[in-house]
Each structure stands twice: as structure tokens, then as C-alpha cells.
Amino acid sequence: MVDLKVREVAEAKGIDSPYALSKATGLAYSNCHKMWNDQQSFISLDTIDRLCEALDCEPGDLLVRSASAKKAKRR
């Protein structure tokens, strides 16, 4: 499973809400709200690029891979 860390990265850069993220990136508020709350199941490369530009970060700063439930059960 891959999780988004948009909220953490944005807050570290002084962006404190999905609305402020929307203004900084030019992305739709509804998309920013989903990303802010890690509810987005698909994210385009263009969106990642816009986030990186606005947040002055790299794509790897926005994504984290966690162990899936199936793999966790095996351990």
C-alpha cells in the first residue's frame, strides 16, 4: 500500500489547509481535500509535479510505502 504524505509536507512548508494547498498548486479544492486526508486512490504524474513545484519537494517526499495487510499477516 502506498500512502500520501501531502499534509505533512505541506504543513512543514507553512500550508495549513486543503484550501491553501489548492491556491498554491492551482489544483481543484476537492482533489486537494482528498490528498490532504490521504483519501486519494489515484494521482497523476502532472499532479505530483504540481505538488512538488508548490511544496519545493521531490516525489519521494510525498509517497510512503507501507506493508500490505497480506504481508503483515505472514510475519
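Bear in mind these aren't lab numbers, they're just calculated from the coordinates by the rules spelled out. What you are looking at is a predicted structure, and each value in this text was computed from that prediction instead of being measured. Cβ coordinates were reconstructed from backbone atoms using ideal geometry, including for glycine residues, and neighbour counts include every protein chain displayed.
Okay, here's what the table says:
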{"read-out": "Residues located in segment 9-18, provided they are surrounded by fewer than 13 Cβ atoms within 10 Å (Cβ to Cβ) and not in a loop (DSSP other than H, G, I, E, B)", "value": "A12"}
{"read-out": "Number of the exception - F42 against (1) in a loop (DSSP other than H, G, I, E, B); (2) within 12 Å of the chain's Cα centre (by Cα); (3) buried (at least 16 other Cβ atoms within 10 Å of the Cβ); (4) hydrophobic (A, V, I, L, M, F, W, C)", "value": "(3)"}
{"read-out": "Enumeration of residues in segment 19-39 that are under 23 Å from M1 (Cα atoms) and in a helix (DSSP H, G or I)", "value": "S30, N31, C32, H33, K34, M35, W36"}
{"read-out": "Members of segment 51-62 found to be surrounded by 14 or more Cβ atoms within 10 Å (Cβ to Cβ) and either among the hydroxyl-bearing types (S, T, Y) or under 11 Å from the mean Cα position of the chain (by Cα) (or both), listed by number", "value": "L51, C52, L55, D61, L62"}
